[in-house]
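Here the structure comes first, spelled out in structure tokens, and everything after it is commentary.
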Amino acid sequence: MPRPGFVLDVDKSTPPILFHHGEGFRLEKLPADRSRVIYPGEPLEALDDVEQSIQDALLHPLDMDPLPELLKPGMKLTIAFDDVSLPLPPMKRPDIRQRVIEAVLDMAAAAGVDDVHLIAALALHRRMTEDELRHAVGDRVYDAFAPQGALYNHDAEDPDNLAFLGETKHGEEVEINKRAAESDLLVYVNINIVSMDGGHKSTATGLASYRAIKHHHNVHTMEHSKSFMDRHNSELHHSNWRMGKVIADAGVKVFQIETTINNDTFGDALPMSVLAKREWEWTAKDRVSFIGMQQGLKRLSGPTRRKIFQAHRAPYGVTSVTAGAIEPVHEKTLQHCFDQHLVEVEGQTDILTMGLPYICPYNVNSIMNPILVMCLGLGYFFNMYRGKPLVREGGVLIMTHPTPWEFHPVHHPSYIDFFEQVLADTTDPTEIEQKWEKQFAEDEWYRHLYRTSYAYHGVHPFYMWYWGSHALKHLGRVIIVGGDKRAVHRLGFKAASTLNDAFEMAEDVVGRHPTITHLKNPPIVMADVK
Amino acid sequence: MVDKKGLEKLASSVQKARAKVPPVRALVAQTSFPYRAPTTPLTVEPKPEEPTLLGHYDSDWARKLPARYARFFLTEGMVRPIIAGLAQPERKGLDRLADLDGPVIFAANHHSHIDAGLLITSLPEPYRHQVFAAAAADYFFDTRVKATASALVLNAIPIERTKVGRRSAEQAAGLIDDGWSMIIFPEGGRSPDGWGQPFRGGAAYLAIKCGVPVVPIHLAGTGRILPKGKNRPKPQRTVVTFGTPIRANEGERSQGFSDRIEAAVAALADEATTDWYSARRRAASGETPTLAGPESGAWRRTWALTANRKKPRTTTKRWPDL
């Protein structure tokens, strides 16, 4: 029976706590009697028979007819699927997308459907490479569809292949992939690694254009999404739900398939398995492996370390497969996500600490540049709450990460200019949005790289910054421990060499003897703050 | 000739070097987690330790290549000479195994700790180095040292004697399916008085489950080398008799098959103490003596046991010791 997540009150017997630190780790002693650590739950039991569960979901969908009844000869079928940003880290083969898509295609083949397209729903993310597509959908599917041009990446900047479907009552324009919009049936295959994923957001964002996405990927929306992991209190989701209604009213029929995975991020094999263990349960073998891993990593170059970590494939177990109409499916999926991730926490804290790992949604097979460090900490980890933020208003956020001044020139070209030009001017999200966004979003060179190379859209670094705007507004100070000082200062944060130094610096903002909460993530944990 | 000044210089530099090295105690005191074992926070209920001994012992490592090489050298370089010295085995009936192909279950009677070693060294190739032993979890796997030694030397897996262990049965069946043969003593333990004990159904169950034949084997004489309750072995001659492999009949239940295995071992015991033809005739007329011996008082059972010995004791001591 897996143990649920819990809150540990730190006392003198508590051993140092493991903090992720990019492609490395730190062991940090937290002050006794005023610190607490939020531990994630152990991996929930995985489904015994995933194939059977997929069949059950497709044959008994929620509020829709069974999939075989929706498939007819001569119809236009489009299967969209989540891109390389999910799950994190990538899962061991076979990827759950492959298993679901193969099951859908088996039924389509039985029904005699010839016109089938598969689209990686990547919105404004970079295009997936052949290897990445093969990993996601499997070789069998790739070889059957890619050579005919029927398996491809969504292009949010292709005017010929986008369909304008109308506006919401709030004036939000809805424009999505033309093929998806004109299909008789759109099957969307999700991996819902966190509660933010899925629902109407899959189609309304994943298959949308910049023209549509800008209506919810902006400072106002993000500042009013409290948090965007809690759909019912997220302006981001409200906007997507409104767009979902426009899509449905335009006659787009979506058969939603959502899947959830458990917290088995690091598996049973040492040395990675130690990262999922509670420190006081480390055996002698765990400790030897950890010391070996630490010492080994110290002696390796940054690119080698990155290569090793990026090669890790997580042995996630699939915990649910649900199919049918978007809203009932998503409500069920949310429950599965919360079962794995939610931990009840009593009250807020003065200082929130977090160890940032080597990966975030936008640096799979890439470099975690300083903007992504900000986005992972202030965007994702800060928002891992329901109710109230873990840290009080005016509190301090302390993150550990090396924050190197490094960028992937192919994946993140506009990030480089954003960092050099925009952040050198201002770090205020609203000012950035008003002064700079349009210029980057409509830059022809960035557009060209997004469409033909493997670059994130020109506007993407702005969205990363907006992603953290709620945290920026809420926090009194942000400190990065162990980061490149120049890069940290460019982000507008403070740099500290040690965690104790960071605590000293934080006391200037929150007063003496502050309370401290450490969010021990990954594996994923979400705080239900009372 | 050594210069006095040079010696002084050397001594002083040694002293300086020693002063730079902190004492071991100070080094130990300075170490912290993860170099030291962690302490458990006061508010946390320590996780119950997962059992790793008895029936939970994981012996998979013993079937990896390094352990297999080590076992090969142990079997041939240590166990075989010891068995040759202590048991001087005579091996009969090996020709009955000539047509065997694939994994089998070797089921033998059990008198002594030496039985497993004797049996393994008596097996023909390819079985000798492709076999695992089902060993009592409560005896062979109760300490880490015994468990490691049993797994390494005998390629043993733990079998629960006191309860039906699904885990043990599944592990054994998995190994048989993977091509390993099994040695099992269906009596479940060593004989307390030299006579046999009723066979339990494990060997028959696994043979039916995996669809493999059972080779009945009778071991004679090992009870006199190292009987239950003794620690010091006494060399004796032994006889290992291999029987004809038997398979479960269509729809046969494990208890019925187990009875047939027991009867086959009893017939081999009869063959070892008399001759093959006489034993066959008694088997045909249902008069084979049981392994369990007569139902009578302890002294009469011992009396009957010694009467069954085919050969006189070979290590009679002369008295007085001249």
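Worth pointing out:
- For the pair B:V21 and A:R3, label points projected 7 Å from Cα toward Cβ lie 4.2 nm apart.
- Greater than 20 Å apart at Cα, pairs in A:K72/A:K245; A:K332/A:K388; A:K92/A:K307; A:K307/A:K485; A:K214/A:K332; A:K530/B:K47: A:K72/A:K245; A:K332/A:K388; A:K307/A:K485; A:K214/A:K332; A:K530/B:K47
- Calculated from backbone phi, Karplus (6.51, -1.76, 1.60) coupling profile of the range A:461-472 in Hz, x at Gly/Pro: x, 5, 5, 4, 5, 4, 4, x, 5, 4, 5, 4
- Residues whose placed amide H lies under 5 Å from that of A:I398, excluding near-sequence neighbours: A:L352, A:T353, A:M354, A:I479
- Over the residues of chain A, the helix contribution to mean residue ellipticity at 222 nm works out to -9500 deg cm²/dmol, using -39500 (n - 2.57) for each DSSP H run of at least 4.
- Descending Cα extents along the principal axes, the range A:270-313, whole Å: 32, 22, 12
- D_trans [Stokes-Einstein, Kirkwood Rh over alpha-carbon pairs] for the range A:17-72, 20 °C, 1.002 mPa s, µm² s⁻¹: 131 µm²/s
- Every pair of different Cα atoms in the range A:50-261 enters the Kirkwood calculation, which places the hydrodynamic radius at 17.3 Å.
- One equal scatterer on each Cα of the range A:262-345, no solvent, Debye formula: the resulting log10 I(q)/I(0) at q = 0.12, 0.13, 0.18 Å⁻¹ is -0.56, -0.63, -0.90.
- Rounded to the nearest Hz, the phi-derived 3J(HN,Hα) couplings of the range B:278-284 under the Karplus curve 6.51 cos²θ - 1.76 cosθ + 1.60 (θ = phi - 60°) are 4, 4, 5, 5, 5, 5, 5, where x marks glycine and proline.
- Value of Rg/Rh across the range B:215-254 [Cα atoms, Kirkwood radius]: 1.24
- One Cα centroid belongs to the range A:410-454, the other to the range B:21-63; the line between them spans 51 Å.
- Size descriptors for the range B:54-294: radius of gyration and Dmax over Cα atoms are 16.8, 51 Å.
- The range B:54-294 - share of DSSP beta bridges that are antiparallel (%, nearest 5): 20 percent
- For the protein assembly as shown, Kirkwood radius (reciprocal of mean inverse C-alpha pair distance, Å): 32.2 Å
- Order of A:S301, B:S59, A:S202, A:S273 - criterion: other Cβ atoms within 10 Å of each residue's Cβ, fewest first: A:S301, A:S273, B:S59, A:S202
- Segment A:E431-A:W405, extension gain: residue separation times 0.36 nm, minus the distance between their alpha carbons: 7.0 nm
- The spacing between the range B:139-203 and the range A:253-302, judged by their C-alpha centroids, is 36 Å.
- 5 angstrom amide H check on A:T349, placed H, neighbours 5+ away: A:V391, A:R392
- Once the C-beta distance of A:Q335 and A:D268 is scaled by a Förster radius of 22 Å, the resulting FRET efficiency is 0.20 to the nearest 0.05.
- For the range B:144-156, backbone phi angles converted through the Karplus equation (6.51, -1.76, 1.60; θ = phi - 60°) give residue-by-residue couplings of 5, 5, 5, 5, 5, 5, 5, 5, 6, 7, 9, 6, 7 Hz, Gly and Pro being listed as x.
- Model label zone, A:K169; criterion: amide N under 20 Å from point 7 Å along Cα-to-beta-carbon; scope the range A:210-226: A:215-216, A:221
- Residue order, fewest to most surrounding Cβ atoms within 10 angstrom, among A:T353, B:T273: B:T273, A:T353
- Amide H partners (placed H, <5 Å) of A:E344, local residues excluded: A:D528
- Exposure proxy for B:W276, A:W241: other Cβ atoms within 10 Å of each Cβ, ordered fewest to most, give B:W276, A:W241.
- For peptide A:2-12, the mean count of partner chain Cβ atoms within 10 Å of a residue's Cβ comes to 2.
- The tail of the calculated P(r) for the range B:97-176, taken as Cα-Cα distances beyond 19 Å, holds 39 percent of the pairs.
Laboratory data are not the source of any read-out in this text; all were calculated from the coordinates shown. Quantities reported herein were computed from a predicted structural model and do not represent experimental measurements. FYI the Cβ positions are ideal-geometry reconstructions off the backbone, even for glycines, and counts take in every protein chain you see.
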